Structure formats: structure tokens, C-alpha cells
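Read the structure below first, then the notes.
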Amino acid sequence: MTCPDKPGPLINWLFCSLCGPRLRKLWSSRRPRTRRNLLLGTACAIYLGFLVSQVGRASIQQGQAAERQRPRSLDKAQASFAEIPLDGTLAPPESQDNGTTLQPNVVYITLRSKRSKPANIRGTVKPKRRKKYAVASVVFAPEKWVGPSRRPQEPARAAYAEMPGYSWEGHLAKVGGRPWSLVRGPGIRSAGANLHLPETRESNIRIYSESAPSWLSKDDILRMRLLADGAVAGLQPVSSKSGAHLLVLEGSTPDSIRRCGPSPCALLKQPLDMSEVFAFHLDRILGLNRTLPTVSRQSEFIQDGHPCPAILWDPSLAPASNDTHSSVKLTWGIYQQLLKQNCWLNGKVPKPEWSCTEIHHYEWSKMALFDFLLQIYNRLDTNCCGFRPRKEDTCVRNGLRPNCGDPSSVTLAHIVQRTHDPRHLVFIDNKGFFDRSEDNLNFKLLEGIKEFPESAVSVLKSQHLRQKLLQSLFLDKVYWESQGGRQGIEKLIDVIEQRAQILLTYINAHGVKVVPMNE
């Protein structure tokens with residue numbers, strides 16, 4: 001029997017070897033059992049306390065050993081982690097000579113993928129800047145509007161002018177009745193003769209590249225900024241039927257902008273006519289240049305918080321009649337005969353018996369193409385005879401739909417010229433309709449047309465119409481945001497592209513000529 005070396009087992013061995021026989025002898029002796037039980041219990045309690053002390057000491061020693069081994073294991077784990085590639089690929093397991101494979105310790109790493117960003121329109125990266133407000137009259141000088149759309153801030157005229165307020169003074173006409181209302185805003189003068197808009201460093205016409213798109217002239221940009229940022233000096237109702245109002249704008253303007261009296265003016269229409277902004281940009285992209293500059297404006301005169309289209313007022317337009325809003329009175333039958341006579345084509349003076357007007361023959365082709373893409377019916381099809389109208393269409397509300405039995409007597413509307421340029425038309429009232437399905441398009445607008453402008457058709461064929469419309473419509477900040485940003489604008493462009501393909505198919509099927517119209 002060997003003696004153990006450690007103190008714990010040594011005590012256990014001594015207790016068992018020495019006390020064991022004596023306990024048996026004590027148990028078998030003739031002493032009283034009470035004293036014998038007391039001695040036995042005392043011995044057991046002493047032994048139990050000794051065992052408990054041994055167990056506690058062993059646990060403390062194991063904890064200290066684990067703390068000493070933890071840095072070593074952590075270093076080993078980091079060393080093995082460094083061997084794992086960060087691209088998520090792992091090498092195949094190594095094979096031994098006996099054919100078995102060694103499975104590596106696999107550590108799974110989750111890498112956060114980069115968020116995909118939407119494609120930016122070229123030249124439209126907006127720099128970050130802090131908005132500052134000041135009250136001052138807007139001075140529209142030509143040299144200030146060629147570059148990017150950042151204007152120097154002008155000092156406030158008075159300290160009290162910086163406080164929010166509104167003014168009914170001056171020649172601002174109060175237009176009674178809802179839904180037009182005046183909304184308070186920062187930077188509006190609370191006293192004085194005129195009503196001013198908030199003056200910000202950034203124009204609502206956004207140009208972040210070195211120059212504007214090529215299809216917009218410098219005069220177009222100048223007039224667009226006047227319409228979008230010009231201070232309002234007065235408001236005059238134009239027609240209670242249409243709900244349009246005439247905005248009198250304040251500020252000195254160059255001679256290229258015509259005025260309605262001492263100041264330039266803008267025709268402010270209803271929010272439902274917002275498609276006129278789209279029509280203006282489409283006209284410039286197609287190279288027609290027959291519409292008046294139009295922007296979307298959200299000023300103090302708003303309807304239920306919605307922006308409205310503001311169209312530049314041109315006093316050079318020839319006087320129009322009140323019933324047809326046309327400077328030339330034409331019916332559908334006379335219009336079809338004019339298309340056959342080719343009036344003023346190639347510089348030839350028409351004969352008196354042809355009953356030609358002063359309008360050039362190519363103007364009708366441009367109007368027909370423009371009206372078909374936007375499905376404008378209030379010029380060539382005022383009775384809605386070429387499609388199925390809705391209840392809210394003007395022809396249905398005015399009861400003109402049943403008059404399609406004699407189309408030759410239907411009167412054309414909104415045929416307008418300029419007084420100093422009677423050869424060319426000016427497209428007014430360009431409200432388009434994007435919700436008309438392909439099986440309900442108005443092909444009556446194309447009836448009698450034998451040629452189309454080459455510049456417009458080339459744009460439709462070039463597959464760049466979408467890109468140009470995005471770049472052009474992005475300039476108008478208020479319109480862009482009112483249509484839901486790029487997602488909403490893309491839906492409108494989808495409709496125009498579908499109609500463009502239908503028009504190209506119509507040109508090929510009917511043998512319509514595509515000719516340059518640079519008369």
C-alpha cells in the first residue's frame with residue numbers, strides 16, 4: 001500500500017487507515033449508544049467540512065488556469081481568422097496521402113452589400129447649400145441668367161420686412177371666393193405698395209451644368225426664370241369660366257420680354273392644366289418652337305396647396321374672337337381644302353380662288369403632330385368626333401358631342417397668330433391627356449396631313465426622347481416635385497413614347513412624307 005504525495009489524498013488515507021478500525025471497535029463496544037452516536041456524528045462532520053474546503057480550493061485553481069490560457073487561444077483564433085479571405089471564398093479541404101480529407105474550421109462572415117444608387121441625370125447633381133432669405137425686388141438682367149442658377153443675395157430693404165406677413169395694399173386686386181387664398185410665408189413684406197415673394201439664393205429653374213440644354217434658348221431660360229421667381233405686384237381675374245388669372249410681375253426686364261402694360265405678366269391657370277408645362281418642353285425638344293414659355297409656380301396664390309402653370313403673356317398675339325379664341329375663323333371643311341391647296345408652299349403666292357389664309361402650309365403639319373402626341377382635341381376636333389370622350393371633357397359638358405353628323409361645319413378653335421408674324425401659328429391652351437388608351441387615340445387629328453417635319457420625326461426615331469425630356473423637365477423644380485419626381489415623370493414619358501411609335505407606324509403605313517420645314 002503506497003502513501004500518496006498530495007496533502008488532500010494524504011489526509012483521506014490517514015483518516016481511513018487509522019480511524020476506520022477504531023470506529024468499528026467503537027461501534028461494537030459496550031459503551032452507551034448515545035455517547036457512541038455523538039462521537040460518530042462529530043467525526044463525520046469534521047470529515048465533511050474537510051471535503052468542502054478541498055472542493056472550493058480546486059474550483060479557484062481551475063478558474064485561474066482558464067484565465068491564463070484564454071489569451072493564447074484568442075491569439076490562435078485571430079491567426080486562423082487572418083487566413084480566411086474577405087471576399088467570402090474558401091479554399092477546398094486539403095487531402096492526405098491516405099485519401100482522407102481535412103475539414104477546415106469554417107468561420108462565416110456576413111458582409112453588408114453596397115446599396116445601389118439610382119442613375120443620376122447628367123448635369124443634375126445638386127450641390128448642398130444653406131437657404132437664406134432676403135426681401136428684394138428681382139432684377140432680370142440678361143447677363144445674369146446665362147450661367148448656373150445661383151443668384152447673389154440682395155440686402156433686405158428694411159428690418160421689419162424680414163418678418164412673415166402679407167399685404168393687401170397697392171394695386172393687388174382681391175379675388176373673392178374660394179379656392180384661391182393667400183398664404184403667409186417667410187420674407188413677404190408686411191407693409192408697402194407691392195407684394196413680394198421669398199427671395200432665395202437658388203432659382204426654381206435648376207441648371208447645375210455649365211449651360212442649359214441646347215433646345216432651350218437663352219431667351220427661354222430668361223423667361224422661365226422670370227415666371228418662376230419674379231415678384232408678384234398684382235393679380236387680375238381674366239375669365240370666370242376658365243378660372244385663369246393674370247399675374248402682374250415686378251422688376252425691370254429686358255426688351256426681349258413683352259409686357260402687358262408697364263410690367264411683364266403671366267397667365268396663371270388651374271392645377272389641372274399642369275400638362276401645359278410638359279407640352280412646352282416637348283415643343284422645344286421636337287424643334288417646333290410654337291408654344292409660349294410655361295413653368296410651374298407655387299406662389300402665394302395657390303389652390304389647395306397645389307402648384308399652377310404660369311404661361312408668359314404675349315401681347316403680340318393677334319386679337320381672337322370670344323367664342324373660338326381664334327384669330328382666323330375656320331371650319332373643318334375649309335381646313336381640309338387649305339391642306340390640299342398647299343398655301344404659301346415654296347414661296348408661291350396662292351390664288352384668290354383658293355381662299356387661303358396667311359398661315360403657311362407647314363404650320364398645320366406641326367400642329368397635327370404636336371396635338372396627336374398629347375391628344376389635344378380643343379383645336380382641330382372641338383366636338384370630340386374622333387374618339388370616345390369622358391364625361392368631364394369639355395365637348396361633353398358643353399353638349400357638342402351630338403354635332404358630329406356634319407363634320408364640315410365644325411368650327412376650329414385656338415388658331416392664333418402673331419400680329420407681326422401671320423405666317424406662323426402660336427400654340428395656346430395646350431392641355432394634354434395622358435390617360436387615353438391606345439385603342440381610343442384621336443386619329444382624326446392626322447386627317448389630310450401629307451407631310452411631317454423632319455426635325456421632329458428624327459427626334460422620335462433617335463431613341464433619345466426620354467433622355468431629353470428628363471433633362472428638360474428637371475429644370476422646373478416645382479413641376480418635377482409635383483409629379484412625384486423621376487418616377488412620376490417616367491410614367492408620362494412612357495405614354496409619349498408609345499404614341500410616338502404609333503405615329504411612326506402611321507407614317508410608314510400611309511406613305512406620309514418627312515420633309516425639312518425650315519421655311
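The values are calculated or read from the model by the stated rules, or taken from the named source; none is laboratory data. As the structure is a prediction and not an experimental result, all values here were calculated from the model. Backbone-built Cβ (ideal geometry, glycine too); neighbour counts: all protein chains shown. What goes into the accessible areas is simple: the full protein's heavy atoms, side chains included, and nothing from ligands, DNA or RNA. Shrake-Rupley method; radii C 1.70, N 1.55, O 1.52, S 1.80 Å.
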Query - Long-range amide H partners of THR331 with built H, under 5 Å - result: LEU412
Report summary line: Taking the alpha-carbon centre of each part, the distance from region 421-481 to region 503-519 in Å is 15
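Quick one: length gained pulling LEU48 to GLN341 fully straight, 0.36 nm per residue minus the C-alpha distance? List each step's numbers first, then the result.
Working: separation 293, 0.36 × 293 = 105.48 nm, distance 12.71 nm.
So the extension gain works out to 92.8 nm.
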Report summary line: With all protein chains in place and a 1.4 Å probe, PHE474 shows an accessible area in Å² (nearest 10) of 20
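With +1 on each Lys and Arg Cβ and -1 on each Asp and Glu Cβ, how big is the dipole of region 315-421 about its Cα centre, in debye rounded to the nearest 20?
180
Hey, if we sort ARG423, ARG284 by accessible area with the 1.4 Å probe, largest down, what's the order? Numbers along the way, then the final one.
On the way: ARG423 75, ARG284 20 Å².
Largest accessible area first, the residues go ARG423, ARG284.
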Report summary line: To the nearest Å², the heavy-atom accessible area per residue of region 270-411 with 1.4 Å probe amounts to 42
Report summary line: Of LEU226, LEU292, LEU40, ordered by accessible area with the largest first and a 1.4 Å probe, the sequence is LEU40, LEU292, LEU226
Report task. Would you work out which of GLY432, VAL459, GLN417 lies farthest towards the positive end of the dipole of region 415-464? Charges go on Cβ: Lys and Arg +1, Asp and Glu -1. Result -> GLN417
Query raised in the report: Dipole magnitude of region 433-519 about its Cα centre, charges +1 at Lys/Arg Cβ and -1 at Asp/Glu Cβ only, in debye to the nearest 20?
Result: 120
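Of the cross-linked pairs LYS348/LYS450; LYS444/LYS477; LYS444/LYS513, which ones have a Cα-Cα span greater than 27 Å in the structure shown? Don't skip to the answer; put the middle values down first.
Working: LYS348/LYS450 18 Å; LYS444/LYS477 35 Å; LYS444/LYS513 18 Å.
The pairs that break the limit, which is 27 Å between Cα atoms, are LYS444/LYS477.
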Query raised in the report: Under a point-charge model restricted to the Cβ atoms of Lys and Arg (+1) and Asp and Glu (-1), what is the dipole moment magnitude of region 385-448 relative to its Cα centre, in debye to the nearest 20?
Result: 160
Requested in this report: Keeping all protein chains in position, work out how much accessible area TRP344 exposes to a 1.4 Å probe, and write it in Å² to the nearest 10.
Outcome: 50
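Return the carbon/sulfur percentage of the accessible area of region 364-415, one whole number, probe 1.4 Å, all protein chains in place.
Details: 960 of 1950 Å².
Result for region 364-415: 49 percent of the exposed heavy-atom area is carbon or sulfur.
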